[in-house]
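Bear in mind that the values in this text are calculations on the coordinates, not laboratory data. Given the structure is predicted, the values throughout are model-derived calculations rather than measurements. When we count neighbours, we look across all protein chains shown, and the Cβ atoms used for this are built from the backbone with ideal geometry, even at glycine.
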Amino acid sequence: MKKELLLIILIIAVSTVVLKLTKNSAEYSGKNFSNEGRIASNSIPQEDLSKSLIDNNLLVTFDIIRISPQGDAVIAGKSQPNMKIFLFEDDKEVANFYSDSNGEWVWVSDSPLSKGSKVFYVKCLDYEGRKHTSSQEVFVLDDSNEIKRPTVLKLDSNKFDNIDIYNRDLVNNGLQLDTLSYHTDRRIILTGKALQDSKISIFESNKKIGDLTPDLYGNWKFNYEKLNEIENLEFRIETNISGNYLKIFLPLNLKNLSEKHMESKFKITKKKNYWTVSRRISDDSYVITRIFDNFTQSILNARMSIDKVAFNFFDSDI
């Protein structure tokens, strides 16, 4: 009887140990599986998303650029969450910081920016620690006027038609031409401002080549990819506001423009009433963007005669 009791106790003890070991093993396996699943679910989408953003040069973007006449600057943008970003001014790193959990970042200058024109761009580290340069560039066009805010131009080196003007006042009751860009494969883009609900017509040598409507903020853009071999062109931009016809004339001379070569990546020059930003896109192609000052016609002078201010698009400084 004593032997049988000891055998029963031994069997119960062994069963308890085996059950405990089995339970611990199951718990360990479950935890290990759970961790592997969580790591995989976090890392794979990040890698896929990071690769997609790299392929499209959208790892970091500029969204807000505000610069006062005195040079105080606020620049903000978006990226992937918690990404390290490096801000450069003319190839000199001026700041580095992290985007927040929403992928938003902002930089406020500690002191006023130096006078004169400059270029800002950003680099960032992806989730694998590789550094990438954003295709967006911000050109600050400053002629050291203490009472005037500098004009800011955001361009994308990979997208010819991605042109945005910042730091300018909205146009009221008028028609405005802001920029003209020319690509060496004979494409032209015109951008400007007008009233939100206005209809704008574009003419080339008295032939209508397009109609468009400004967006919610009054911005309009026209992409013209059918340039013929004629070297002298004249664009006319028209709109009708409350029975007043507003017209802007833009004569162009494209002679020998495609034969001009650039030695540097970019160049900024200033004329009396416009800026010129020249950018080399590749060894055999470049883009020239003109940014106009006060190329506007308002209702106040709509019934007055308009002088055709000619701009020779092939200047010696390009």
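Odds and ends about this structure:
- Gain on full stretching of the segment that runs from H132 to K92 - 0.36 nm per residue minus C-alpha separation: 12.8 nm
- Distance in nm between pseudo-label sites at N240 and L216 (7 Å out along the Cβ direction from Cα): 2.8 nm
- Here the label points at K272 and R168, each 7 Å from Cα along the C-beta direction, are separated by 2.0 nm in the simple model.
- Estimated Rh, region 50-168: Kirkwood, alpha-carbon pairs, angstrom: 14.6 Å
- Sorted by Cβ density within 10 Å, fewest first, the residues V108, V152, V287: V108, V287, V152
- Nearest-0.05 FRET efficiency for N253 and S282, computed from C-beta distance (R0 35 Å): 0.90
- With contacts taken as Cα pairs under 8 Å and at least 6 residues apart, region 50-168 reaches a relative contact order of 24 percent.
- Counting neighbouring Cβ atoms within 10 Å and putting the fewest first, the residues T276, T151 line up as T276, T151.
- By the count of other C-beta atoms within 10 Å, a proxy for reagent exposure, L87, L153 are ordered fewest to most as L87, L153.
- Using θ = phi - 60° and Karplus 6.51 cos²θ - 1.76 cosθ + 1.60, couplings along region 203-218 (whole Hz; Gly, Pro as x): 10, 10, 6, 6, 10, 5, 10, x, 10, 7, 10, x, 7, 4, 9, x
- When the pairs K84/K265; K207/K272; K78/K193; K78/K272 are compared against a 32 Å limit on Cα-Cα distance, K78/K272 fall above it.
- Between A95 and L87, the built amide H atoms are under 5 Å apart, and every one of these is 5 or more places off in sequence or on another chain.
- Global geometry of region 63-104, whether rounded, prolate or oblate, following the gyration tensor of its Cα atoms and the 1.5 cut on a/c: oblate
- Annotation: amide H of D72 within the under-5 Å range of L113, sequence separation 5 or more or interchain, hydrogens built in the peptide plane.
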